[in-house]
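Comments concern the structure below.
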Amino acid sequence: MIKVSVMYPNGDDPTFDMEYYKTAHMEIVDRTMQPSRWEIESGMDGPYIAIGNLYFESMEAMQAGMGGAGEALADIPNFTKTGSAVQVSQIVEA
């Protein structure tokens, strides 16, 4: 399982429309990138105001999903002016 985390940093003047992100933006992500599942974290304390996690069954599925990310990337200015950091991880089963 591959996890892609998109982390939006908290700062002096963060702008982030969580309602738009969780409804409109994630619908685009789900439709175009087709992750197995996704989840959103709303930061309460710490360096990130929000984190979106996308899960893919394999590296190939993630790469295919990233190939369809154009519409989702173009939508980012609709919910934030904040840049993001991306972490790609392999889930380690216990």
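Just so you know, all these numbers are worked out from the coordinates, no wet-lab data involved. If you're wondering where the values come from, they're calculated on a predicted model, not measured in any experiment. Glycine gets a Cβ as well: all are built from the backbone with ideal geometry, and neighbour counts include every protein chain shown.
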Relative contact order (%) - the chain, alpha-carbon pairs under 8 angstrom, separation at least six: 50 percent
Nitroxide proxy distance, nm - points 7 Å out along Cα→Cβ at Glu57 and Ser36: 0.8 nm
Cβ charges +1 (Lys, Arg) and -1 (Asp, Glu), total dipole of the chain, debye: 160 debye
Ser36 long-range amide H proximity, modeled H, under 5 Å: Tyr55, Phe56, Glu57
Amide hydrogen neighbours beyond the local backbone of Ile49, cut-off 5 Å, H modeled: Tyr8, Asn10
Most positive-pole-ward Cα, Thr32, Thr82, Ser5, against dipole of the chain from beta carbon charges: Thr32
Along principal axes, Cα extents of the chain, largest first, whole Å: 37, 32, 18
